[in-house]
Amino acid sequence: MKRESKFWKGYYEFKKYHNSFFNILFHLLTIYIQIVCTVFFFVTWRPSFILIVVGIPFITDGIGHLIEKNFGEVVELSKKNKSSNSAGVNAFYNFCYKIMVFIEYWKKDNKVRK
(Lines give C-alpha, C1' and ligand atoms only; values in the text may rest on other atoms or scores of the structure.)
Protein backbone atom coordinates (compact mmCIF):
# COMPACT_ATOMS: atom_id res chain seq x y z
CA MET A 1 0.00 0.00 0.00
CA LYS A 2 1.45 3.33 -1.07
CA ARG A 3 1.79 5.98 1.61
CA GLU A 4 0.28 9.35 0.73
CA SER A 5 2.70 12.28 0.62
CA LYS A 6 2.54 15.23 3.00
CA PHE A 7 1.65 17.46 0.03
CA TRP A 8 -1.54 15.55 -0.82
CA LYS A 9 -2.57 15.04 2.80
CA GLY A 10 -2.25 18.79 3.30
CA TYR A 11 -4.20 19.48 0.13
CA TYR A 12 -7.16 17.34 1.20
CA GLU A 13 -7.11 19.07 4.59
CA PHE A 14 -6.94 22.48 2.87
CA LYS A 15 -9.92 21.62 0.61
CA LYS A 16 -12.15 20.84 3.58
CA TYR A 17 -12.10 24.49 4.65
CA HIS A 18 -12.12 26.24 1.26
CA ASN A 19 -15.44 25.58 -0.41
CA SER A 20 -17.11 28.89 -1.18
CA PHE A 21 -16.33 31.13 -4.13
CA PHE A 22 -15.65 34.19 -1.96
CA ASN A 23 -13.28 32.35 0.37
CA ILE A 24 -11.29 31.10 -2.62
CA LEU A 25 -11.41 34.59 -4.17
CA PHE A 26 -10.04 36.20 -1.00
CA HIS A 27 -7.22 33.64 -0.91
CA LEU A 28 -6.31 34.51 -4.51
CA LEU A 29 -6.48 38.19 -3.59
CA THR A 30 -3.88 37.43 -0.92
CA ILE A 31 -1.49 36.04 -3.53
CA TYR A 32 -2.06 39.01 -5.85
CA ILE A 33 -1.45 41.61 -3.12
CA GLN A 34 1.68 39.78 -1.93
CA ILE A 35 3.15 39.70 -5.44
CA VAL A 36 2.35 43.37 -6.11
CA CYS A 37 3.79 44.48 -2.75
CA THR A 38 6.94 42.42 -3.30
CA VAL A 39 7.48 44.13 -6.66
CA PHE A 40 6.85 47.55 -5.08
CA PHE A 41 9.33 46.73 -2.31
CA PHE A 42 12.09 45.99 -4.80
CA VAL A 43 11.26 49.10 -6.82
CA THR A 44 10.96 51.55 -3.90
CA TRP A 45 12.92 49.82 -1.08
CA ARG A 46 10.23 50.78 1.45
CA PRO A 47 10.03 48.27 4.31
CA SER A 48 6.31 48.93 4.73
CA PHE A 49 5.66 46.73 1.69
CA ILE A 50 7.34 43.77 3.42
CA LEU A 51 5.04 44.29 6.40
CA ILE A 52 2.06 44.17 4.03
CA VAL A 53 3.35 40.95 2.42
CA VAL A 54 3.60 39.30 5.84
CA GLY A 55 0.39 40.73 7.29
CA ILE A 56 -2.08 40.58 4.42
CA PRO A 57 -2.85 36.83 4.72
CA PHE A 58 -4.19 37.37 8.23
CA ILE A 59 -6.63 39.97 6.90
CA THR A 60 -7.79 38.62 3.53
CA ASP A 61 -7.73 34.93 4.45
CA GLY A 62 -9.46 35.75 7.73
CA ILE A 63 -12.23 37.58 5.87
CA GLY A 64 -12.63 34.62 3.51
CA HIS A 65 -13.05 32.21 6.42
CA LEU A 66 -15.47 34.54 8.18
CA ILE A 67 -17.58 34.55 5.01
CA GLU A 68 -17.47 30.75 4.87
CA LYS A 69 -18.24 30.65 8.63
CA ASN A 70 -15.36 28.34 9.54
CA PHE A 71 -12.91 30.88 10.96
CA GLY A 72 -12.84 29.31 14.43
CA GLU A 73 -12.19 25.82 13.09
CA VAL A 74 -9.33 27.05 10.91
CA VAL A 75 -7.73 28.94 13.81
CA GLU A 76 -7.95 25.84 16.03
CA LEU A 77 -6.37 23.65 13.32
CA SER A 78 -3.58 26.18 12.84
CA LYS A 79 -2.87 26.11 16.58
CA LYS A 80 -3.01 22.31 16.63
CA ASN A 81 -0.59 22.06 13.69
CA LYS A 82 1.63 24.85 15.09
CA SER A 83 1.40 26.52 11.70
CA SER A 84 0.06 29.67 10.10
CA ASN A 85 -2.38 27.60 8.03
CA SER A 86 -4.93 24.88 8.73
CA ALA A 87 -3.15 22.25 6.63
CA GLY A 88 0.04 22.59 8.69
CA VAL A 89 2.31 22.94 5.65
CA ASN A 90 4.90 25.43 4.46
CA ALA A 91 4.11 28.64 2.55
CA PHE A 92 4.97 27.16 -0.86
CA TYR A 93 2.57 24.23 -0.45
CA ASN A 94 -0.09 26.62 0.81
CA PHE A 95 0.44 28.81 -2.28
CA CYS A 96 0.04 25.76 -4.53
CA TYR A 97 -3.13 24.68 -2.71
CA LYS A 98 -4.76 28.08 -3.31
CA ILE A 99 -4.15 27.81 -7.04
CA MET A 100 -5.22 24.14 -7.19
CA VAL A 101 -8.45 24.66 -5.27
CA PHE A 102 -9.35 27.62 -7.50
CA ILE A 103 -8.78 25.56 -10.65
CA GLU A 104 -10.84 22.70 -9.22
CA TYR A 105 -13.66 25.06 -8.21
CA TRP A 106 -13.61 26.77 -11.62
CA LYS A 107 -13.75 23.44 -13.49
CA LYS A 108 -16.61 22.21 -11.31
CA ASP A 109 -18.52 25.47 -11.80
CA ASN A 110 -18.09 25.39 -15.57
CA LYS A 111 -19.37 21.80 -15.78
CA VAL A 112 -22.54 22.84 -13.95
CA ARG A 113 -23.18 25.69 -16.41
CA LYS A 114 -22.88 23.55 -19.56
TODO: Of the listed pairs LYS15/LYS107; LYS69/LYS107; LYS9/LYS80; LYS82/LYS108; LYS6/LYS82, which have alpha-carbon separations greater than 21 Å here?
DONE: LYS69/LYS107; LYS82/LYS108
Task: Inter-label distance, nm, simple model (7 Å from Cα along the C-beta direction), SER48/TRP8 - done: 4.7
Open item on the list: What is the percent carbon and sulfur in the accessible area of the chain, measuring with a 1.4 Å probe over the protein chains and ignoring ligands?
Closed with: 68
Open item on the list: Which residue fluctuates most in the GNM of the chain (Cα springs below 10 Å): ASN70, ASN85, ASN94?
Closed with: ASN70
Open item on the list: Probe radius 1.4 Å, ligands and nucleic acids left out: which of LEU77, LEU29, LEU66 has the largest accessible area, and how do the rest follow?
Closed with: LEU66, LEU29, LEU77
Open item on the list: So, for the range 25-114, what is the accessible surface per residue at a probe of 1.4 Å, expressed in square angstrom?
Closed with: 69
Task: Helix 71-80 vs. the chain, principal-axis angle (Cα, 0 to 90°, nearest 10) - done: 90
Task: Helical contribution to [θ] at 222 nm, DSSP H n ≥ 4, -39,500 (n - 2.57), averaged over the chain, rounded to 500 - done: -26500 deg cm²/dmol
- [ ] Taking 7 Å along the Cα-to-C-beta vector as the label spot, tell me the LEU25-ILE99 distance in nanometres, rounded to one decimal.
- [x] 2.2
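The values are calculated or read from the model by the stated rules, or taken from the named source; none is laboratory data. Given the structure is predicted, the values throughout are model-derived calculations rather than measurements. No Cβ is skipped: glycine too gets one built from the backbone with ideal geometry, and neighbour counts run over all protein chains shown. Accessible surface areas use protein heavy atoms only, side chains included; no ligands, DNA or RNA. Shrake-Rupley method; radii C 1.70, N 1.55, O 1.52, S 1.80 Å.
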